[in-house]
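What follows draws every value from the coordinates through simple rules; no lab data is involved. Model, not experiment: these values are computed from the prediction. Here Cβ is always computed from backbone atoms with ideal geometry, including for glycine, and neighbour counts include all displayed protein chains.
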Amino acid sequence: MTIEKLAVAGFDHFLAYLNDHLSDNGRGDTAYFQPLPRDASHFPAEKAEAFRNGLQIEVGQPGWRRVWVARDQAGAIAGHIDLRGLPENYTKHRCLLGMGVHRTHRQRGLGSQLIAHAENWALLAGVQWVDLQVLSVNAPAIQLYERCGYRKTGEIPNMFLLDGKHYSYTYMTRRLR
Ligand SMILES: CC(C)(COP(=O)(O)OP(=O)(O)OC[C@H]1O[C@@H](n2cnc3c(N)ncnc32)[C@H](O)[C@@H]1OP(=O)(O)O)[C@@H](O)C(=O)NCCC(=O)NCCS
């Protein structure tokens, strides 16, 4: 498995992977991991352009975003992690983390490897805190984050109404330095 930064040229391929990944959301054994109803579990087309552009925005400037993908031996995407700036002003020392591992590659340590990879980059980029939000029902992700040193900072009960049920939202953070 290799982990590499996503280049703009690879974005369309990445988006296809991401939409396949999102199709697991709230289905079968997979807990909801995105606050989207099952039938709307795809990356919103209107946000795709901002995502693509963010890859080229200087770190610290509004809208910046970086993505790393893990590739298997055949070159297929096996997992991803992304870091982006917070929307609020005066938060350049922080970033937001999002991630996922392809259904056929889970529970083999790839999620932990992706977090370590992104955090190393963030440290070099001068980021001091990594924040994230996770649906409270997503036990695998919360366990992964806790194992990697993330601590809960808050929770909004019943924040989302998805497919007729309420879901709470957990906020977590890790200080890198
Ligand atoms: C959450 C997710 C990224 C974990 O990735 P992964 O590659 O399977 O994680 P790892 O193999 O590195 O697991 C590391 C630790 O996470 C926890 N963990 C991972 N999967 C778990 C599961 N299904 N149940 C319980 N704990 C789990 C364990 O503590 C594990 O350590 P251990 O193997 O020593 O027990 C993956 O399940 C996934 O992509 N889920 C759907 C998308 C998602 O939830 N994204 C995060 C949104 S906030």
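Spatial offset of the stretch 55-90 relative to the stretch 118-151 amounts to 14 Å, using the alpha carbon center of each. The simple spin-label model puts a point 7 Å past each Cα toward its Cβ; for residue 177 and residue 7 those points are separated by 2.9 nm. Between residue 159 and residue 113, the FRET efficiency from the beta-carbon distance, with R0 = 30 Å, is close to 0.50. Simple spin-label estimate for residue 16 and residue 124 gives 3.0 nm between the two label positions (7 Å along the Cα-to-Cβ direction from each Cα). Take the Cα of residue 103, step 7 Å toward its Cβ, do the same at residue 30, and the gap between the two points is 0.6 nm.
Counting only Cβ charges, +1 for Lys and Arg and -1 for Asp and Glu, the dipole size of the stretch 2-175 around its Cα centre is about 440 debye.
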